[in-house]
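To keep things clear, I will list the structure first and then write my remarks on it.
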Amino acid sequence: MKVLRFSILFLLIFCNIIANSQTYTSYVEVDTVFQTQDTLDWSLVFYTPQKSFAKLSLTRPDTTKDKNIVMSVPAAFTAQDLKHIVGDVVSNGVLYRNNTDKENGYCLLYRDTIIIDYLNTTSLSAKTKAIKNKGAYFQQMLLLKDGDTVECLIFRKQKPTFRRCIAVRNEQIVIVESVSRLTFEDFANALKLSGIKDAIYLDMGTWSEGFIRNKEGEYTTIGNLRANTKHQTNWLNFVAPKRKQTQTL
């Protein structure tokens, strides 16, 4: 009997060690790219969520408790009243209508699909697809479309600041962040130089707080300016697929 009890105890300890040392299949890969064009130097950080899917949340995620979230960043702008989202959004297949300001593009996400386009083209069908597939949809400022930079008048007089966007790189969804302060136009040009064709802005500036998780399941906070984080109204989360339950002894 003592031998049996010792064996069971050893097995439990061994399983606990394996569980604590495991690496996760869903995580965020981080890559920094340095670029030079004429006299300008740019550094971009590429966050690539691995084996996860995007969800738009209207409540702040608790990334310390929810181990399924591998990345979370602000998406659409928050209105000046600090209560509403700027532009229509679809969260988990539910449409929430909001006033659009000067946003000229949208991002549609469901399963492995991402579509970035102008608001005046296929935005209605995009919302329909988001609802049908219980996906995510939000409106923002386009940076690049089909490899061409998109002029952004509302940011023309704004001083350089830290920038972030969602885009497609090597057929994978990526979140791209500037290492230094850039104008909107310089950020768009840096993305174009890196080979990105379509990109749309994510709320940044003083709303920049986000989170990523590495292979070991450890969370790291990203974003430099966080003064308005407490007012954020929406988050783009990348979530690991639910694990199948296994029977335990």
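The values are calculated or read from the model by the stated rules, or taken from the named source; none is laboratory data. Worth saying up front: this structure is predicted, and the values here are computed from it rather than measured. For neighbour counting, all protein chains shown are included, and Cβ atoms are generated from backbone atoms with ideal geometry for every residue, glycine included. Side chains are part of the model used for accessible areas, which takes the heavy atoms of the whole protein and leaves out ligands, DNA and RNA. Shrake-Rupley method; radii C 1.70, N 1.55, O 1.52, S 1.80 Å.
Numerical summary
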read-out: Nearest 10 degrees, 0 to 90: helix 2-20 Cα axis against the chain principal axis; value: 10
read-out: The chain: angle of helix 184-193 to the longest principal axis, Cα-based, in degrees nearest 10; value: 70
read-out: Accessible surface ranking that places the most exposed of Glu171, Glu177, Glu151 first, with a 1.4 angstrom probe; value: Glu171, Glu151, Glu177
read-out: Surface accessible to a 1.4 Å probe, Lys134 within the full protein complex, Å²; value: 150
read-out: Option label - Rg and Dmax of the Cα atoms in Å computed here, alternatives (i) 19.2, 57; (ii) 18.1, 57; (iii) 20.4, 78; value: (iii)
read-out: Listed peptides 119-126, 183-190 by packing density, highest first (mean Cβ within 10 Å); value: 183-190, 119-126
read-out: Three-way shape call for the range 41-169 based on the alpha-carbon gyration tensor, with the a/c threshold at 1.5; value: rounded
read-out: Folded to 0 to 90 degrees: helix 119-132 orientation relative to the chain principal axis, Cα; value: 20
read-out: Radius ratio Rg over Rh of the range 158-249, counting only Cα atoms, Kirkwood formula for Rh; value: 1.07
read-out: 5 angstrom amide H check on Ile69, placed H, neighbours 5+ away; value: Ala240
read-out: Estimated FRET transfer efficiency (Asn92, Gln50; beta-carbon r; R0 22 Å; 0.05); value: 0.50
read-out: By average C-beta atoms within 10 angstrom, highest first, the peptides 221-229, 196-204; value: 196-204, 221-229
read-out: Label-point separation, Val179 to Ala227 (7 Å along Cα→Cβ), nm; value: 2.6
read-out: Accessible area in the full protein assembly, largest first, 1.4 Å probe, for Arg156, Arg213; value: Arg156, Arg213
